[in-house]
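There's a structure below that I have some questions on.
The values are calculated or read from the model by the stated rules, or taken from the named source; none is laboratory data. Because the structure is a prediction, the values reported are computed rather than measured. A quick note on method: Cβ atoms are made from the backbone with ideal geometry, for glycine too, and the neighbour counts reach across all protein chains shown. The protein model used for the area step is the full one, side chains on, heavy atoms only, and it has no ligands, DNA or RNA in it. Shrake-Rupley method; radii C 1.70, N 1.55, O 1.52, S 1.80 Å.
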Amino acid sequence: GNSVTQMEGPVTLSEEAFLTINCTYTATGYPSLFWYVQYPGEGLQLLLKATKADDKGSNKGFEATYRKETTSFHLEKGSVQVSDSAVYFCALRPIYNQGGKLIFGQGTELSVKP
Amino acid sequence: GAGVSQSPRYKVAKRGQDVALRCDPISGHVSLFWYQQALGQGPEFLTYFQNEAQLDKSGLPSDRFFAERPEGSVSTLKIQRTQQEDSAVYLCASSPREGNTEAFFGQGTRLTVV
């Protein structure tokens with residue numbers, strides 16, 4: 001079946017450190033891949049997405065590359081800020097899927113200290 | 001409204017009580033999704049509507065869970081005879097059409113069953 005596995009948190013970094021949050025998936029064919037972010041007290045927001053192999057999604061300094069050969073979609077940012085503290089969710093949308101439902105990983109909490 | 005609105009934000013129910021959770025999607029959005037997010041976990045799909053038609057209810061955990069969207073806009077998720085394991089955040093999301101389009105999430109309703 002379809003599933004998403006993320007590295008466990010919490011991840012604690014100092015401001016300006018490099019961030020990697022690992023995400024791997026299991027799916028049939030070529031699903032679409034997403035990163036969502038949930039800031040404290042707010043709803044889930046789409047951070048970036050990629051819809052086919054080798055695509056790179058990017059937004060707000062975050063990047064993730066769709067790697068079919070390793071079934072991965074790792075999230076990276078070169079220099080994190082305190083304001084990046086949030087919970088990050090990796091998700092996939094199966095290719096054979098009615099309506100567009102998402103399958104999420106368990107989330108990774110990021111805490112950035114000044 | 002500007003975004004997806006859910007009410008109430010918080011609900012405490014006694015075990016055995018029935019509850020109703022409301023979702024107001026973004027105006028004109030065709031697709032509507034409900035997800036359940038247990039503490040420390042990622043959201044899990046419950047059900048999907050395209051306009052007023054419930055096209056996928058494969059994620060509903062039991063027949064105590066029921067969702068409707070009678071006029072193709074506002075949706076209600078009803079849980080009958082609540083149990084402690086129903087305690088979770090219930091998220092609603094909408095998207096402008098079916099398929100591979102961005103889903104916009106509400107802030108969720110936190111249900112606590114005591």
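How many residues are at the interface with chain A (Cβ under 9 Å from one of its Cβ atoms), modelled with pLDDT of 95 or more and in a strand (DSSP E or B) if we restrict to the stretch B:24-44?
4
Does B:Leu21 count as open to solvent by less than 20 Å² (accessible area, probe 1.4 Å), over 30 Å from A:Pro10 (Cα atoms) and in a strand (DSSP E or B)?
In short, yes.
Give the residues of the stretch B:83-114 that are assigned to a strand (DSSP E or B) and without any contact (Cβ under 8 Å) to a residue 24 or more places away in the chain, sorted by residue number.
Answer for the stretch B:83-114, where residues must be assigned to a strand (DSSP E or B) and without any contact (Cβ under 8 Å) to a residue 24 or more places away in the chain: there is none.
Also: Mind listing whichever residues of the stretch B:72-114 are open to solvent by 60 Å² or more (accessible area, probe 1.4 Å), farther than 18 Å from B:Gln41 by Cβ and at pLDDT 95 or above?
Scanning the stretch B:72-114 gives B:Lys78, B:Gln80, B:Arg81, B:Val114.
Just to be sure before I move on: is B:Gly59 within 10 Å of another protein chain (Cβ to nearest Cβ), assigned to a loop (DSSP other than H, G, I, E, B), open to solvent by less than 20 Å² (accessible area, probe 1.4 Å) and under 22 Å from A:Gly107 (Cα atoms) in the structure I sent?
no
Can you tell me which residue among A:Val37, A:Val112 is part of a strand (DSSP E or B), in contact (Cβ under 8 Å) with a residue 12 or more places away in the chain and over 15 Å from the mean Cα position of the chain (by Cα)?
A:Val112
How many residues are of a type in the set (Gly, Ala, Ser) and open to solvent by 50 Å² or more (accessible area, probe 1.4 Å) when one looks only at the stretch A:80-114?
Looking only at that region, the number is 1.
Could you count how many residues in the stretch B:36-54 are touching a strand residue (DSSP E or B) at 6+ places or on another chain (Cβ under 7 Å), of a type outside the set (A, V, I, L, M) and either touching a residue at least 60 places away in the same chain (Cβ under 8 Å) or open to solvent by 20 Å² or more (accessible area, probe 1.4 Å) (or both)?
Counting residues in the stretch B:36-54 that are touching a strand residue (DSSP E or B) at 6+ places or on another chain (Cβ under 7 Å), of a type outside the set (A, V, I, L, M) and either touching a residue at least 60 places away in the same chain (Cβ under 8 Å) or open to solvent by 20 Å² or more (accessible area, probe 1.4 Å) (or both) gives 6.
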